[in-house]
Each structure stands twice: as C-alpha cells, then as structure tokens.
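The block underneath contains the structure these notes are about, expressed in structure tokens.
The values are calculated or read from the model by the stated rules, or taken from the named source; none is laboratory data. Treat the numbers as computed from the prediction; the structure is a model and nothing was measured. Because the Cβ atoms are built from the backbone with ideal geometry, glycine has one as well, and the counts that use them run over all protein chains shown. Side chains are part of the model used for accessible areas, which takes the heavy atoms of the whole protein and leaves out ligands, DNA and RNA. Shrake-Rupley method; radii C 1.70, N 1.55, O 1.52, S 1.80 Å.
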Amino acid sequence: MLGVDDAEPFVPGPTAALPPATDRTFWLAVVGLVLGPVMLVVAVLGRDGVSPWWAWLGIGLMVVGFGALVTRLPRERDDGDDGARL
C-alpha cells in the first residue's frame with residue numbers, strides 16, 4: 001500500500017486495569033448489562049416453564065446497569081476538551 005511505513009510496527013501502550021472490587025457502581029453496571037440480557041434470553045427461550053417476572057427483572061437489570069454507567073461519566077470537562085478518549 002502507498003504511504004504505509006513497515007519499518008516501525010505499532011506497539012500498543014499498557015492497558016488500563018479494571019476498577020477495584022470496592023467500586024460498586026462499576027460492578028453494578030457490569031452485572032446489570034450482562035445478567036439482564038441473559039435473563040431475557042432465558043425468559044424468551046424457556047417461555048413455557050419460566051415466569052414472566054424473569055423478563056421484567058432482566059429489563060430492570062439492564063436499565064439499572066445503564067444508569068450506573070451514566071452516573072460514572074465525568075461531570076466536568078476541561079476547556080478545549082471535545083470528549084474524545086483514545
């Protein structure tokens with residue numbers, strides 16, 4: 001390809017660590033956004049033998065997980081910050 005320099009390969013920087021176990025908001029978001037859809041799939045696939053409360057609980061977990069992610073957003077921005085994170 002034109003303009004591609006193969007002399008210097010891309011070397012990614014260090015990855016960020018997961019938040020500690022004491023960060024309850026993060027883990028609430030993870031549990032809600034993972035367990036909610038799983039419960040919905042169980043409610044749909046096991047339609048005859050599963051209570052409809054599973055579906056409502058799954059939807060509730062997804063809403064709570066999304067809300068937990070929104071509360072983790074930074075409240076203030078620096079001047080000139082366009083919001084992009086790379």
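Values for this structure:
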{"quantity": "For Asp79: the one exception among (1) over 21 Å from Pro19 (Cα atoms); (2) surrounded by 10 or more Cβ atoms within 10 Å (Cβ to Cβ)", "calculated": "(2)"}
{"quantity": "Breaking point among (1) under 26 Å from Leu28 (Cβ atoms); (2) under 23 Å from the mean Cα position of the chain (by Cα); (3) part of a loop (DSSP other than H, G, I, E, B), for Val70", "calculated": "(3)"}
{"quantity": "Subset of the stretch 47-63 [within 11 Å of Leu35 (Cα to Cα) and either charged (D, E, K, R) or open to solvent by less than 50 Å² (accessible area, probe 1.4 Å) (or both)]", "calculated": "Gly58, Gly60, Leu61"}
